[in-house]
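Each remark here refers to the structure printed beneath this line.
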Amino acid sequence: MKDVAKLAGVSPATVSRVLSNKGNTSQETRAKVQKAIRETNYVPPAGVKPASTNSRTICLTIARNSMDIFGNPFFDSVLYGLSSAVEQHNMDLQFAVYHCVEQQIQKCLRLYKQQKVDGFILTGVLSIDKERLLKALHEEHIPFVLIGRTFHHEVFSVHNDNMRDGYMAARHLIEAGYRNIVVFTQDTQLDVFGARISGYRQAVQQFGLDVGPNRIVQVGAEEDDIMEALQHLLDEGIAFDSVMATDSVMSLSVLKFCQLKGLRVPEDVGILGFNDAPYLVKVSPTLSCVEMNGASLGAEAFHLLNEIIDQPQAMSLKKNVTLPSELVVRQSTDRYEFKGE
């Protein structure tokens, strides 16, 4: 133990605290001790389990209404990818949902200081909450990775290029022959939706199509809200031949509305959403989407977080990893296939 302490530049008592996972030891000191244990091949006395990566606990945390999370295909995919990576490395995973960012900050600080969690993965962070949350974790030197993009913070993050994806979706609709595209979005407080809308605008303007304000429809998550918004477009005489929904659940309600109104999909109205899900191929016509590969985001966030935990000095750096998305074309936008062309 003295050899480990000397190599790590700490006292034997600190080594003992790290080995027993007790006391208030900083993450940087713990990392130094763990490294020294590996380099010296130190074997602790019987009954004392040395600190190792296998004893880590990762926490996926989010401050949102639980109705927005459970059943959402994106969060399901992220959780699947993350839990698979955690299982492969024999670590533990916690999933913490909080009502507001203030509660999220308070609980995250407490979990880390009590050494119940080694690091956090943040997802679904609202734009208005981002500054407070990231600043609080940074100031306490708590390891975390953000799933999502931030331009103003020195953090590790993994994300999709949502502006590119919005452009890709809108361009596909245009190339399929649609000219009056409307966008349905639930939440303008999320950067991800704003970026997708920016990409849509870029594509529409590039082809000289209408990009007026009535083409962006903010709507509630419930089916009745979506039905009402679509009916309003018809009542106001706002022509539309395609709907780009910023999540796939919403695209189901758009399809139902079209079927109730006798609008043929994809001939009269094309429908495209974001985030693939099994139910998109269980309806007729099947629904096109942009697959965000949430499972890959979760797995990559896990690997980035372990990198920070192993090298605490990396917390002062910025590292962005952009993962690819995929356009999945199905019957709801395949006009030419339906026409037999």
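The values are calculated or read from the model by the stated rules, or taken from the named source; none is laboratory data. All values derive from a computational prediction rather than experimental measurement. For neighbour counting, all protein chains shown are included, and Cβ atoms are generated from backbone atoms with ideal geometry for every residue, glycine included. With ligands, DNA and RNA removed, areas are computed over all heavy atoms of the protein, side chains included. Shrake-Rupley method; radii C 1.70, N 1.55, O 1.52, S 1.80 Å.
Applying the criterion of being of a type in the set (Ser, Thr, Tyr) and farther than 30 Å from Pro266 by Cα to the residues of region 292-341, the residue that is surrounded by the most Cβ atoms within 10 Å (Cβ to Cβ) is Ser296.
Give the number of residues within region 78-110 that are over 18 Å from Lys130 (Cβ atoms) and open to solvent by 30 Å² or more (accessible area, probe 1.4 Å).
Here is the first cut: in region 78-110, the ones over 18 Å from Lys130 (Cβ atoms) are 79-95, 110.
The next check asks that each one be open to solvent by 30 Å² or more (accessible area, probe 1.4 Å); those that pass are 79-80, 83-84, 87-90, 92-95, 110.
Residues in region 78-110 being over 18 Å from Lys130 (Cβ atoms) and open to solvent by 30 Å² or more (accessible area, probe 1.4 Å): 13 in total.
Considering only residues in region 223-252 that are buried (at least 23 other Cβ atoms within 10 Å of the Cβ) and at pLDDT 95 or above, the one that is nearest to Thr185 (Cα to Cα) turns out to be Ala245.
Screening Val182 against (1) open to solvent by less than 30 Å² (accessible area, probe 1.4 Å); (2) assigned to a helix (DSSP H, G or I); (3) of a type in the set (Val, Ile, Thr) leaves a single unmet condition, (2).
Annotation: of all residues in region 111-120 being charged (D, E, K, R) and touching a Ser or Thr at 6+ places or on another chain (Cβ under 9 Å), the one that is surrounded by the fewest Cβ atoms within 10 Å (Cβ to Cβ) is Lys116.
Conditions tested, residue by residue: (1) under 28 Å from Asp161 (Cα atoms); (2) assigned to a loop (DSSP other than H, G, I, E, B).
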{"position": "Ser198", "(1), (2)": "yes, no"}
{"position": "Asp224", "(1), (2)": "no, no"}
{"position": "Met244", "(1), (2)": "yes, no"}
{"position": "Val265", "(1), (2)": "no, yes"}
{"position": "Tyr279", "(1), (2)": "yes, no"}
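Within region 281-308, restricting attention to residues that are β-branched (Val, Ile, Thr) and either modelled with pLDDT under 95 or in contact with a helix residue (DSSP H, G or I) (Cβ under 8 Å, 6 or more places away or on another chain) (or both), the residue that is farthest from Ser332 (Cα to Cα) is Ile308. Of all the residues in region 266-284, those that are surrounded by fewer than 19 Cβ atoms within 10 Å (Cβ to Cβ), over 25 Å from the mean Cα position of the chain (by Cα) and in contact (Cβ under 8 Å) with a residue 40 or more places away in the chain number 2. Taking first residues from region 68-82 that are within 17 Å of Gly148 (Cβ to Cβ) and partners that are among the hydroxyl-bearing types (Ser, Thr, Tyr) and assigned to a helix (DSSP H, G or I), the Cβ contacts under 8 Å between residues at least 6 apart in sequence or on separate chains come to Pro73/Ser248; Gly81/Ser296. Listed conditions (1) closer than 27 Å to Thr150 by Cα; (2) open to solvent by 70 Å² or more (accessible area, probe 1.4 Å); (3) over 23 Å from the mean Cα position of the chain (by Cα) are all met by Asp191, apart from (3).
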